[in-house]
Amino acid sequence: MSAADLHALTGAYATHALDPGENAEFERHLAGCPACTQEVAEFAATLARLGAADSVVPPEALKASVMAALPTLRQEAPRTAAPPADTRRLARLRRGWPKLALAACLAVAIGTAGVAVQEHREADRARARAVALQQQQDLVAGLLAAPDARTATGAAAGGAGVGTVVWSAGRDRAAFLASGLPAPAAGRTYELWFDDAGTMRPAGLLPGGDGALLLSGPLAGARGVGVTVEPAGGSAHPSSAPVVLLSFS
């Protein structure tokens with residue numbers, strides 16, 4: 001495959017559309033091509049933003065009006081008239097209806113209140129996650145656009161997936177873009193680290209194998225970044241060998 005052909009594969013590579021042979025050839029090319037490295041990093045950031053745009057939250061005013069109306073609504077009684085012969089039997093049954101109706105209303109009210117509270121909490125959590133994700137993606141996009149932004153890309157251990165680090169000395173910040181890393185096992189997560197001359201400093205958690213993360217903390221003279229698989233919630237120090245190790249050089 002010619003060099004011109006390889007330069008045209010950045011989008012297909014970022015979307016995992018290459019076959020294994022093309023993917024391997026492109027990764028060999030990527031190791032020595034800063035222009036393609038930059039394009040792949042930008043494609044990955046854009047894809048992460050597009051993925052986050054799929055979710056739609058119902059208008060808060062609509063939900064509030066529906067929930068507020070529930071306690072005041074009553075089900076209409078059937079309009080079918082009972083035969084005259086059943087009048088006395090219906091009267092006896094109706095004497096017991098108020099207590100039954102009260103118990104039923106209480107049960108419905110308690111259940112509805114519980115569902116409403118749970119839905120409200122879930123909606124709040126979903127909104128908070130969406131806002132945090134949007135802020136994260138905006139910060140990563142801004143870092144990519146920094147005049148002195150630099151990138152380094154490398155394949156993960158075992159060849160499954162690719163990691164890219166973007167950093168700006170002027171902004172004293174770095175971000176990590178993951179593409180195609182295996183999903184961590186249950187109860188595990190990817191943790192990012194700054195390499196401070198051999199001492200690893202925690203820099204944030206990436207729950208899945210795809211996405212972008214603005215690393216927490218300044219560069220502070222770090223030599224690069226590493227990625228390890230850690231227990232959910234992260235670790236104070238790496239407990240496994242790096243999955244990805246990238247240098248600021």
Would you confirm whether or not segment 189-201 contains a residue that is more than 14 Å from PRO242 (Cα to Cα), part of a strand (DSSP E or B) and within 18 Å of the chain's Cα centre (by Cα)? no
Out of (1) in a helix (DSSP H, G or I); (2) at pLDDT 70 or above; (3) loosely packed, with under 12 Cβ neighbours inside 10 Å, the one ALA107 does not meet is (2)
Keeping to segment 220-243, report how many residues are farther than 24 Å from PHE43 by Cα and not in a strand (DSSP E or B). 15
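Can you work out which of the residues in segment 210-219 that are among the hydrophobic types (A, V, I, L, M, F, W, C) and in a strand (DSSP E or B) is nearest to VAL40 (Cα to Cα)? Break it down into steps so the answer makes sense when it comes.
Step one: filter segment 210-219 for residues among the hydrophobic types (A, V, I, L, M, F, W, C), giving 212-215, 219.
Narrowing further to those that are in a strand (DSSP E or B): 212-214.
Values: ALA212: 13, LEU213: 16, LEU214: 17 Å.
Step by step, filter segment 210-219, then rank; the result is ALA212.
Looking at GLY217, GLY163, can you tell me which residue is of a type in the set (Gly, Ala, Ser), on the phi < 0 side of the Ramachandran plot and in contact with a strand residue (DSSP E or B) (Cβ under 8 Å, 6 or more places away or on another chain)? Explain how you work it out, then say what you get.
Numbers: GLY217 fails: on the phi < 0 side of the Ramachandran plot.
Exactly one of GLY217, GLY163 is of a type in the set (Gly, Ala, Ser), on the phi < 0 side of the Ramachandran plot and in contact with a strand residue (DSSP E or B) (Cβ under 8 Å, 6 or more places away or on another chain), namely GLY163.
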Scan segment 182-196 and give yes if some residue there is on the phi > 0 side of the Ramachandran plot and either touching a Leu at 6+ places or on another chain (Cβ under 7 Å) or free of Cβ contacts under 8 Å to residues at least 24 places away in the same chain (or both), otherwise no. no
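The values are calculated or read from the model by the stated rules, or taken from the named source; none is laboratory data. Everything numeric in this text was worked out from a predicted model, so none of it was measured. Cβ coordinates were reconstructed from backbone atoms using ideal geometry, including for glycine residues, and neighbour counts include every protein chain displayed.
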